[in-house]
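See structure below.
The values are calculated or read from the model by the stated rules, or taken from the named source; none is laboratory data. Keep in mind the model is a prediction, meaning the values are calculated, not measured. Every residue, glycine as well, gets a Cβ built from its backbone with ideal geometry; the counts of neighbours run over all protein chains shown. What goes into the accessible areas is simple: the full protein's heavy atoms, side chains included, and nothing from ligands, DNA or RNA. Shrake-Rupley method; radii C 1.70, N 1.55, O 1.52, S 1.80 Å.
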Amino acid sequence: RLLALGVFPERLELGTLVALGAGMNYHGFAQLKAPTLMLEMDADTTQAFVIGAGGLDISRSIPYGFEAMISVVQKELNLKDEESARKLFYSNTFDFTNMGGALTRKLLKELQALVGFYEVQTGQSIGQVLCTQMPPKLAWLGGAIAKELGVESLKLDFAAWLKSREISFASSAEPSGMDARWLAVFGQMTYYDAVPVAKK
């Protein structure tokens, strides 16, 4: 439909880069003292980033995603096959919160190594976790990862942040129900000064 209307892109942007830029800007806006561990998970991999006041500190790809948890679900719940475990895992009909540690064990081992390396190198501790591409049915997973790492799960205040970026909503739109998946979308809508200008 967009092509039929003659609407064509002038540029392409990688969603990950846009989300990182928006995450760093939010980090400064919220005046977070400690660095944030930002995660983008998909079926097979997890992209891990540490962002702070100075920008992007670490970027690492971890070869564990949602699919690595399926065999654990099958084993923990004594299911007959992986397909049954997969359907249950993605269905949002079972509360996996208490199994968070077991489901994320392989991923957590890698994340703990990453966080440990970062803390030794910088002397700073991670303060919060932000998962930017978590499907709604797996939203509990971000909290489980944060809990296992002993930090908070970052809750974004879109209304306040977007107001500071001079982005407003129509009266029919309600930003309070939006999750972190919207970060890259709103990141496309704003402009960040390359060098922050101190307010007088």
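In whole percent, what relative contact order does region 100-200 give with Cα contacts below 8 Å and a gap of six or more residues?
25 percent
In terms of the Cα gyration tensor, with a ≥ b ≥ c the square roots of its eigenvalues, is region 107-156 rounded because a/c is under 1.5, prolate because a/b exceeds b/c, or oblate?
prolate
For a quick check: with amide H placed at 1.01 Å from N, whose amide H comes under 5 Å from residue 38's, ignoring anything fewer than 5 positions away on the same chain?
Placed amide hydrogens put 49, 50, 51, 130 under 5 Å from residue 38.
Between 53, 68, 12, whose Cα lies farthest towards the positive end of the dipole of region 10-87 when Lys and Arg beta carbons carry +1 and Asp and Glu beta carbons carry -1, centred on the Cα centre?
53
In whole percent, and with a 1.4 Å probe on the protein chains, what portion of the accessible area of the chain is carbon and sulfur?
53 percent
If I model a spin label as a point 7 Å beyond the Cα along the Cα-Cβ vector, how far apart are those points for residue 119 and residue 4 in nm?
5.6 nm
Per residue, what accessible area does the chain have, given a 1.4 Å probe and all protein chains present, in Å²?
61 Å²
By a straight-distance test (C-alpha under 19 Å), which lysines pair with residue 155 as possible cross-link partners, with residues fewer than eight away in the same chain excluded?
By straight Cα distance, residue 155 reaches 33, 137, 147, 163.
Separation between the residue 102 and residue 191 pseudo-spin-labels, each 7 Å from Cα along Cα→Cβ, expressed in nm?
In this crude spin-label approximation the distance works out to 5.4 nm.
If you stretched the chain out fully between residue 77 and residue 137, how much longer would it get, using 0.36 nm times the residue separation minus the C-alpha to C-alpha distance?
19.7 nm
Based on the Cβ-Cβ distance of residue 42 and residue 17, what FRET efficiency does E = 1/(1 + (r/R0)^6) give at R0 = 22 Å, to the nearest 0.05?
0.85
Taking 0.36 nm per residue of sequence separation and subtracting the Cα-Cα distance, how much length would be gained by fully extending the chain between residue 181 and residue 95, in nm to one decimal?
Here the answer is 28.8 nm.
I want to check the label-to-label distance for residue 109 and residue 172. Put each point 7 Å from Cα in the C-beta direction and report it in nm to one decimal.
According to this spin-label approximation, the distance is 5.2 nm.
Under a Cβ-only charge scheme (Lys and Arg +1, Asp and Glu -1), can you give me the dipole magnitude of the chain about the Cα centre, in debye to the nearest 20?
Approximately 260 debye in magnitude.
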